[in-house]
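Just so it is clear, none of the values below were taken in a lab; they were calculated from the coordinates. Worth saying up front: this structure is predicted, and the values here are computed from it rather than measured. With ideal geometry, Cβ positions are generated from the backbone for all residues, glycine too; neighbour counts draw on all protein chains shown.
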Amino acid sequence: MRGFEAASHLMEPQIRKASESRGFAVARLLTHWPEIAGEDIATLCRPVKISYGKGGLGANLTLLTTGAAAPMLQMQLPRLREKVNACYGYNAIARITLTQTAPMGFAEGQAEFTPAPKSASAAPAPEIQRAAQETASDVTDDGLRSALERLACNVLSKARKPEGKHS
């Protein structure tokens with residue numbers, strides 16, 4: 001037994017395999033796109049693939065965007081290339097090309113690039129909150145007690161859901 005491991009470490013081989021099949025040697029470009037490109041650019045496009053030339057350097061990054069956003073994005077490509085190369089640590093990307101799709105898109109090219117807003121979870125029932133507070137009442141550290149109360153609320157709420165009502 002290896003003990004507890006972070007979920008990111010358990011998923012790393014699968015993520016690496018999927019991203020490398022599209023040419024992404026650095027999966028961070030996919031997973032942290034809004035941080036790398038900036039929120040304004042990330043809402044207009046997303047990386048689709050990286051194709052490398054015969055020499056290995058001077059790759060081409062293909063971005064997916066909508067037709068209306070393409071002219072605005074085209075003007076920002078030099079700055080975006082600098083940001084992407086900063087992620088790699090060297091001039092890995094020589095060119096960026098844009099691929100446009102219609103608002104409805106194809107299976108590969110959905111036009112909606114912003115993630116769905118996180119739904120505000122409903123407050124747990126008062127009896128679940130009381131049970132969670134009782135469970136963590138012996139803990140003296142405020143931060144740890146608060147975290148344990150949230151965990152207990154989540155566990156007790158899930159255990160209470162009727163069968164077939166998964167969200």
If I model a spin label as a point 7 Å beyond the Cα along the Cα-Cβ vector, how far apart are those points for Glu39 and Met72 in nm?
1.5
Given R₀ = 45 Å, FRET efficiency for Ala86-Arg130 by Cβ-Cβ distance, to 0.05?
0.35
Whole-Hz Karplus couplings 3J(HN,Hα) for the stretch 32-49, θ = phi - 60° and coefficients 6.51, -1.76, 1.60, Gly and Pro as x, run 10, 3, x, 6, 6, 7, x, 4, 5, 7, 5, 6, 8, 7, 8, x, 10, 7
Determine, from the Cβ-Cβ distance of Thr97 and Glu5 and an R0 of 30 Å, the FRET efficiency 1/(1 + (r/R0)^6), rounded to the nearest 0.05.
0.20
